[in-house]
Structure formats: structure tokens, C-alpha cells
Amino acid sequence: MPAPSFQELILALSRYWAEQGCVLIQPLDLEVGAGTFHPATFLRAIGPEPWHAAYVQPSRRPTDGRYGENPNRLQRYYQFQVVMKPHPADILERYFGSLEALGIDPLVHDLRLIEDNWESPTLGAWGLGWEVWLDGMEITQFTYFQQAGGLECKPVMGEITYGLERLAMYLQEVESVFDILWAETPSGPVFYRDVYHQNEVEQSAYNFEHADLEALFAAFAHHEKEAIRLAELGLPLPAYEQVCKASHSFNLLDARRAISVTERQGYILRVRRIAQKVAECYYAQRERLGFPGLRGGRA
Amino acid sequence: MSGMRTLLVEVGCEELPPKDLGQLTECFAGEVRNRLEAAGVPCGEFESFYTPRRLAIRGEVAERQSDRVVERRGPSVKAGRDAQGRPTPALLGFARSVGAEPEALEVVETEKGAFFVHRREEPGRPVGELLPSILAEALAALPMVRPMRWGEGEHRFLRPVHWLVVLLDDEVVAAELFGVRSGRESRGHRFHHPQPVPIPHAKEYLDRLREAKVLADPKERSERIREEYTQAAKNAGLSPVVNDDLLFELEAIVEWPRAILCSFDAAFLRVPEEVLMSTMMRNQRFIPLKNGQGRLSERFIGIANLDSKNPEEIRRGYERVIRPRFADAAFFWDQDRAVPLAAHREALAKVVYQQALGTLADKSERVAKLAEELAPIVGASPERAREAALLSRCDLMTRLVGEFPELQGTIGRRIAEDQKLDPEIAEALEAFYRPRFAGDALPLGPLAITLAVADRLDTLAGGFAAGLKPTGNKDPFALRRAAAGLARILVRGNPKHIGAVDLRAFLGKAAALQPTPSKPDPEALYDFVLERLRSEVLSLKLEVPEALPADGEGIVVLEKGPEAGEISSQTFAAVAALRPPILFDFLRRAAAIEAFRSDPRAEALIQANKRIRNILRKAGEHTVADPDPERFTEEAETILWQEVLRIRDAAEAALKGSPSLRYRQALAALAELAGPLDRFFTEVLVMCEDEALRRNRLALLAAAEAPFREIAEFSLLPG
């Protein structure tokens, strides 16, 4: 089987996980650092309601930007996220099935689960799981959520996060992320560089040089306040968007090195505090609604 | 053994964390065995096995519990019969509860009087009936750092549990653990043999799994890994670089190991080999290969977890994964080496070492001052010591140390070598971090020792000054490690270098250099080091030669050896009471005392010292004046005084002699006081009525004791 293009990779994973019963939803339209921030993972991990979903999430890591000059580092990249709650007992086998669907033969390649316990200090979330290594290269994070927003996850959500660029580089055997074939089109091949290289150059300049510090500090404070206010108004969903925005403001400030090592911990704790508050508010809200997801239909 | 059966338990899981897997499985075996024995089931030895996907134990167990007598005690005889000797309601109730007639109950005499008892012989139950609860208890008792929940259940274990095999010989024992029912079906290799593997008999466990491409016995797996990489290295004509951590981890993350020989672009070999090796070993669990000259080669070995249909694909994968990592490292190395090491000092001035203690540049300056003073004593050049101290933390500012923090010091050394700095300084930049952990090598050269000692002096004084003294198991500044390192260097280093370092004086200097408003107490620092010295010295074995050498060192520090002597904790305390400022001198005193204790007169002398100490303490006598011979009334007094005068001079002369022999020679002289002291105590009453006489005798005893106290506090020795 010829190596899939980047979009074929997304299509194949989407089709595979749809067949496993996942709802295919779309990316969150906010800047977040990982697919875990999408309410379809973070909020849905909370409470007893079942939930199975898959989606692509653009993920922004301002400090990882390299002005498009490093073949392996990007300040914005894609994760393919699968969440299953409760997870089926054979979720690992299903995951390996997805790799086979991409043409990776587990009797040829060295596929390994290497212990990796995940923790998001800002979200007050943690879980146990693995990095998945394909011939020594990490292509996936696999996590059994134990806590989110400081709340115990019952039942447990299984979370699978594919690093799409890594996987595509491996399958297409290219050494630079920018050489990934995005799609073959009638007017010729389109590469990752054609789609995103200039974005890396300009966004790196913004992240490291031009982001307005004063506005970002103000934004952080504003979003923090809003998150608390909205949570107190019993509006956990908009409150949670404020948490995401506060977190991204912090990431930008961090990239500008505007936060000293000693202050850094304080900011992380502040985000965690609002994430926790919103998580509790969300749980209370679902409880008030009678956990509609338990009645068969998905709310 | 008849009546014995083989028990096999296998808990099948998703991929388990490799750390402590071996200990955990052994612990599981121990917990099961202990519980069986406590329940009266004789057991033989247990074996434990594990792979990333299973924990298993196997052992010989008796078919059933031994029969036992169950005894229940009822009411006392007093309470059990009334005045007419008839059974009371209490006795009748008891008899009913055990299903016996009151007349059939026995009476036993106890300390609390006579009681009715009921005895019943209970036949042992078959072991299979006991196992379900014993296994559940044993698993619950395992020390798990981070257990997890999964699915909808409430069970907790290291990773989700999928299958359970419990066999007694060839029979399945019905049990349920973690919501999984037991059976005889294990699983083979995740990809080679995904279908169930029935285990017909507990004894066939390893063989059946081997057929399903799983080496369940960790010893067999390590051996296979060793064979695999040894063969691959041999094919390449190179030697593998492995350490215990790597081997252990490899063994815990594979079920079916196969070596894959790979290579990387030789151009990367310009990067310090420690960086490349760390990348391979720590990040990727690859085995580096060295050539005949001991230099890193461009080839390496990866251990795959399968018999690939196409190992070439894996090789290409391994080679691809290492390339960007090496490219990053090479990029950082090129950047770092282009900057003179000393140029980083500016940046050090911006990094806070500790709030109360200033920046890293401030710390380096304090270390430089101490090193300059220490250098001539250790045998190093003060100028170089200063330079080395000022360079000693510069590599913390490099990109490579940012990426490979475990290589701090090593990177400094490599950059210094690359920039053609003084080779002794380059070496010291790496070596002064030693010892980094218990059992690590010590710094060897005088410059490295100077820097290592100066750095730790400042760390300790700074830690105390900033109020970071460890409490309980909290030691945020790693002061215990610093003190232990200091103690080790100062007793185990070459005496030529460390034999004259006055620790108390230098702790004083280090304390005075701290930028805090109040300086730490040097004596408290000395006590803190002494605490660490204790564990260091008590674990030392010393070889004390039979004949005193004419010159040179009289003691040799050994790790162990048949003729080695140990220092006892009493000897340590006896020497510590004197607070010797030079730690190596501490060791000499202790060694001399240990040698002296084998002298036949030692016990009597120690006894005499204890007695004198007691008498003087009770008398509250603090006189330092010699006794007045005119006041002697007994011959024993006169003889003791003459001997004290003679031996005191001999001991004093010995103490001024060769450092390595002084204490042994002084003790040899002092041993001659044994006889006169013994006679004195037999014939003379110290605490006599006549006060003048009594005071004179106390003065005589104080004079006899004084030379001993030049060496150690003898009254603290056992005797």
C-alpha cells in the first residue's frame, strides 16, 4: 500500500474510529495547546455519562516555534484525538487495529507501549498510560484518565492522541515535516510547506518578538476573572472557554519569557484553580440536568 | 514430596511499568507463600516471573491445610456451675453454641482460674479453597506507587487486568480477581500469538509461553538479550556499552528480544560521546558500540520485541529516530563550543542560586576564595583552583546541559578540552561533582579534590545560612548528600592530598563567607558532617598491618577483605567526642583504637578509664594540677605516679611523631599503665575520709587519664 497523504491519514483514522462507534466532531475554534483541552475531552471526562468521539485538533505550543527552520518542530501542529468513555476492554487492540488500517504491519514493525504517565498541571488532570513507539519513534500518547479538574473520572475515559505529523513523516519516509505530502491534486502535489511554512515563520515572530505583553497580562487577568464570574453564574461552557483563553495567554507570555521561573508556578496554579472551579460547575450542571447522557441519548 | 502440588498464578495485564516489576513479583510470591503458611499450608520455594504483560508466581504447596485443633474457651468454672454444681445458663449457652453437651466440655487451669473449653479437631481444607481470598489479599498488599482504575470498575492495579491463570498442577482453581475469572488460558506475544495459550499443567508454564513467543522468565530473557547483543556486536567487531539500568529496563519491556544492528552518520562522532551515548541509552534504550580503542563507533544495537518479517524496516526506523536527536545535539554542541567557557560567567550573575545566597556567580566566587586557600594544603595551585572554581558552573548555561542535565560537569570538561584550557582544570570541571551518589568514584587529582571540597563547604554553609537544614526526610538542598560526599572525600581520598585539611577551620571560613546577615555556626556544620561521617566510617573496612611500617601510611582503606577490620560505633563515638578537626586523623585514631582493642590489656584499661571517669564525675573534681608525691601513703600510689610520669612523656613523644603511627605508638605506651592502675584500685581507697588525701588521689587519677583523652574518650568504649 502506498504511503497515505496527510489528508488520507486523517480520513483513514476518521473512518476507522467512526466504525468503532465514535462521533466524529470538529476542532475547537479556540487556541489550545492540545486536543485534551477540547471540551469533548476535558469536560466529557467528568461525570458518569458515556461519550465516544474522535476529532482533529490544531494545537498551539508557542515556545516550540522555530521560524519554520527546524524540520521537527512546529508552534502549531495537529493532533488526532480519540476518546472513549467508558473505554472498551479491548481499546488497545482497537488502537493497534487503527495502525493496521494505516498499513503498519505489527509483524514487521516494532510496536511498543512505553510507560508514560500524563499530567496537565494547568487542567488539574492526570492519567496513566503509555507513549506508543513505532520502531523507536513516539507516534501516540495513550492515557487512562484518572482525574480531570481535580475530580475522579468514573467511569474512566481512554484517550488516544496521535501526533499526525510524526506519523505522516514516518509513513511517507520524509525527514522534514515540511516535506509531508498533504494531498495529490489534479493540479499537482500539495505539501505541508505549501500550507503552513509561512505561518510558522510569521507566528514564530509574533510569539517570540511581537506579542503585546501588556495586553497579554491584561488578557490573562480578564479571562481568569471571567471564568470565575461565568462559573458562578452557572455557565460552565462559556466559563471553560475563558480557561482555554487564559491558558493560551499564559503560553504566549511564557514564549516571550515574560514570566520568571518563580512566577511561573503561580500562573500555572491560577489556571488550575479556574479549571477546577469550572470542572465542578460543569459536573453540578450535568447533575442538575439529570445526566442526560445516561438515558441513552447524547446531550 | 507426596501431597505437594505445583501452584501457578498468572495475572495478565496491559503493558506494566517496568520499574520495580521484579521486586513486585517477588513480593507477590512472598505474600502468597506467607499467607498459605500462616493458614497451615506447608510450602516449598516459590519462583516469580514477569514480562511487560504479566506477573506470575509458581511454587510447591501442600494439597491441603494441616488438620488442626480448634479450641474455644467458655465461662469460668465459677460462673459455669451454681452452688449445687449444676450448669448455669452461661454454661448451657456456651455448650449450645459449640454444639456439645455441658458434660462433654473439658476444664483447663489458667492463670486466671479454671475455665470450660471445647476442643474440636478440624480437618484441613483443600488449598484450592483457600486460594481465592489469599490471592486477593496478597495482591492488595503489594506496594504499588501509582495504581489505576479502568473501565467502569472500581478495581485498582498497575494497569488494566485482562486474564487470570490459577492452576494447581493441571487443575484450574476457581477464583475471581479484578473482575476477571480464572482459567488455564494465558496469552502469547501481543502480535506473534494473540490467541489464547492454554497451560495444561503448572509445570509447563514457561514452555507453553515460549512456544507463543514469550520468555516469561526474566533470567532467561536477560540471558537472551545478552546473547543477542553480544552476537550482534561480535558481527560488527565492536564491544557493547551497557549498564545495569539499561539492561534491566530492556528486560522489563520485551517478551521476545531480538537485536537489530544499526548505524548513524559518522559525522556525528564529533559531538562528545557522552552526549551521543546518553541519547541512545536514556532516550531510546539503544546499546552503543565502542571500537578496539575504546572510542564510540557509529554503530549501535536496538533490541526489538519481535521476530520481524522484515528486520530491515525496523533498522531503518531506529536509524531515523536517532538522526534528528543527534542533529539537535550536534547543533547545540557547535553553538556551545563556539562560546568561550568563561564567557558564561556573565550569565551566571543573572541566575539565582538561592534567594538568600545570591546568584550562581556569587556562589562561584565564594567557592573560588575557599579553593584558593585550600589548594596549597591539598597540593594544588591556588591560581588554578581559583580559575577552576570560577569556571565550574559555566557549563550550566550551555544548550547541551539544558538538554542533558545529567551531563553537567562532563559538558564543561569537553568544552574546556575543545577550547584547549589547562587539562588539569578541564578534568576538575567534571570530577568535582564526584561522588554524585553513594558508591560513586571520588575525585582523584589535587585540583579536582580542592574544587570538590570547596564547593561542598560552601553548599553546606549556604544551606545552613539560608535555613535549609534538612528535617526528617526533607532535604531540599541535598545537604546530606553534600556532607556525605565531603566526608567520603576527606577520609577516603589520597592522604597525601586530604590528610591535612582542617575541616572545622574551613567550615568556619565557609560560614564567614555567606552573604546572610547571621552566619551559620561552624560547630553545627561540623556536627552535621560528623553524622554523615558515621555511616561512611562504620561501613569502612580497614586493613591494619601487623608490623608498623617505618614510614608511610599505617592504614589502608579497603572495600572489603578477609583480614579487614571494622570500626565499631563505640569507637566512632569515642573519637567523635574529641571533635578531631582533620577527618583523616579521625580515621587514624579510630584505626589505632580498633587495633588496640585486640591487646590483652585493653579491656582492663578501658575499665579503669570508665572507673576514673565515674569517680571524677561523682567527685566533681576538675583539678588539672599534678598530685603531690609527698602526700602518697601507699606504695601503689607511688608506683602509679612514676609510671604515669614515664608513660606520659613516651605518649607525648609518640603523638608528636609520624602522623600515621602516632596513635598506635602512644597507645602501645599507654597500655603499660594497665598493671599499675589495677594494683592502685586493688590497694587504694580513693574516696577516703581525709580530704587532702582524697584530693591528691583524685589528682593522681586525673593525671593517669589525661593522656588517653588525647586520643579518644576511652570511657565510651565497651569493656
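The value obtained for the range B:1-144, namely the Cα convex hull volume divided by the number of residues, is 156 Å³ per residue. Among the trypsin sites (Lys or Arg not before Pro) found in the range B:345-413, those both in a DSSP coil and sparsely packed, with 15 or fewer other Cβ atoms within 10 Å of their Cβ, are B:K350. Helical runs assigned H by DSSP (4 residues or longer) give chain B a calculated mean residue ellipticity at 222 nm of -14500 deg cm²/dmol, each run adding -39500 (n - 2.57) before division by the residue total. In order along the range A:251-261, the phi-based Karplus estimate (6.51 cos²θ - 1.76 cosθ + 1.60, θ = phi - 60°) of 3J(HN,Hα) comes to 4, 5, 4, 5, 5, 7, 6, 8, 10, 6, 4 Hz; Gly and Pro are listed as x. Binning at 5 Å from 0, report for the range A:16-175 what percent of all alpha-carbon pair distances ends up in each bin. Whole-percent P(r) values from 0 Å outward: 2, 9, 17, 22, 22, 16, 9, 3, 1, 0. Take A:189-197, A:32-40, B:445-453, A:213-221 and order them by the average number of nearby Cβ atoms within 10 Å per residue, most first; the result is B:445-453, A:32-40, A:189-197, A:213-221. Roughly how many whole Å is it from the C-alpha centroid of the range A:150-172 to that of the range B:69-127? The distance from the Cα centre of the range A:150-172 to that of the range B:69-127 comes to 67 Å.
Under the criterion of Cα pairs below 8 Å and six or more residues apart, the relative contact order for the range B:256-400 equals 22 percent.
In this simple spin-label model, placing a label point 7 Å from the Cα along the Cα-to-Cβ direction at both A:E119 and B:A478 gives a separation of 1.9 nm.
Please state, as a whole number in µm²/s, the translational diffusion coefficient that the Stokes-Einstein equation yields for the protein assembly as shown at 4 °C and 1.567 mPa s, with Rh defined as the Kirkwood radius across alpha carbon pairs. Intermediate results must be reported in sequence, preceding the final value.
Values: Rh = 35.2 Å.
Approximately 37 µm²/s, per Stokes-Einstein.
Computed on chain B, with alpha-carbon pairs under 8 angstrom and 6+ residues apart, the relative contact order is 7 percent. Taken along the Cα-to-beta-carbon direction at a fixed 7 Å, the label points for B:M687 and A:E214 span 8.7 nm.
Of all lysines in the structure, the ones whose alpha carbon falls short of 28 Å from that of B:K219, not counting any fewer than 8 places away in one chain, are B:K19, B:K203, B:K234, B:K290, B:K309. Loop-located trypsin sites (Lys or Arg not before Pro) across the range A:18-78 with a Cβ neighbour count of 11 or fewer within 10 Å are lacking, with loop assigned by DSSP. Under 21 Å of direct C-alpha separation, and excluding same-chain neighbours fewer than eight residues apart, B:K618 reaches these lysines: B:K610.
Relative to the compact-globule scaling 2.2 N^0.38 Å, provide the ratio for the alpha-carbon radius of gyration of chain B.
Cα Rg divided by the expected 2.2 N^0.38 Å: 1.34.
For B:K509, the lysines whose Cα falls under 26 Å of its own Cα, not counting residues fewer than eight places away in the same chain, are B:K350, B:K363, B:K369, B:K469, B:K496, B:K519. Structural descriptor for the range B:320-377: relative contact order 17 percent, calculated from alpha carbon pairs under 8 angstrom and at least 6 residues apart.
State the percent of C-alpha pairs, over all pairs in the range B:60-144, separated by a distance greater than 20 angstrom. Here the long-distance tail beyond 20 Å is 53 percent of all Cα pairs in the range B:60-144. The residues neighbouring B:L238, those whose beta-carbon lies less than 13 Å from its own, together hold a net charge of +3 under the Lys/Arg +1, Asp/Glu -1 convention. Shown here for the range B:46-78: GluC sites (Glu not before Pro) in loop regions (DSSP other than H, G, I, E, B) with at most 13 other Cβ atoms within 10 Å, of which there are none. Within 10 Å of each Cβ of A:101-111, how many other protein chain Cβ atoms are there on average? The per-residue average across the peptide is 5.
Averaging 1/r across all pairs of distinct Cα atoms in the range B:597-716 and inverting the result yields a Kirkwood radius of 14.5 Å.
Cα-based radius of gyration for the range B:340-391, normalised by 2.2 N^0.38 Å, reads 1.20.
With Cα atoms defining each centre, the range B:197-253 and the range A:247-263 are spaced 47 Å apart in the structure.
Find how many whole Å separate the alpha carbon centroid of the range A:205-227 from the alpha carbon centroid of the range B:173-188. With the range B:173-188 and the range A:205-227 each reduced to a Cα centre, they are spaced 56 Å.
Which value, to two decimals, describes the C-alpha radius of gyration of the range B:389-545 once divided by 2.2 N^0.38 Å?
Cα-based Rg divided by the globular estimate yields 1.07.
Measuring r between the beta carbons of B:R86 and B:S66 and using R0 = 60 Å, the FRET efficiency lands at 0.95. Net length available on complete extension from B:E185 to B:K618 is 148.0 nm, with 0.36 nm assigned per residue and the Cα-Cα distance removed. In the calculated pair distance distribution of the range A:211-295, what percentage of Cα-Cα distances lie above 21 Å? More than 21 Å apart: 35 percent of the Cα pairs in the range A:211-295.
Using the alpha-carbon positions of the range B:218-337, Rg (one decimal) and Dmax (whole number) come out as 14.1, 46 Å. The base-10 log of I(q)/I(0) for chain A, evaluated at q = 0.10, 0.11 Å⁻¹, reads -0.57, -0.70 [Debye formula, identical scatterers on Cα atoms, solvent excluded].
Each value in this text was obtained by applying a stated rule to the coordinates, not by laboratory testing. Treat the numbers as computed from the prediction; the structure is a model and nothing was measured. Heads up, the Cβs are rebuilt from the backbone with ideal geometry, glycines too, and the neighbour counts pull from every protein chain shown.
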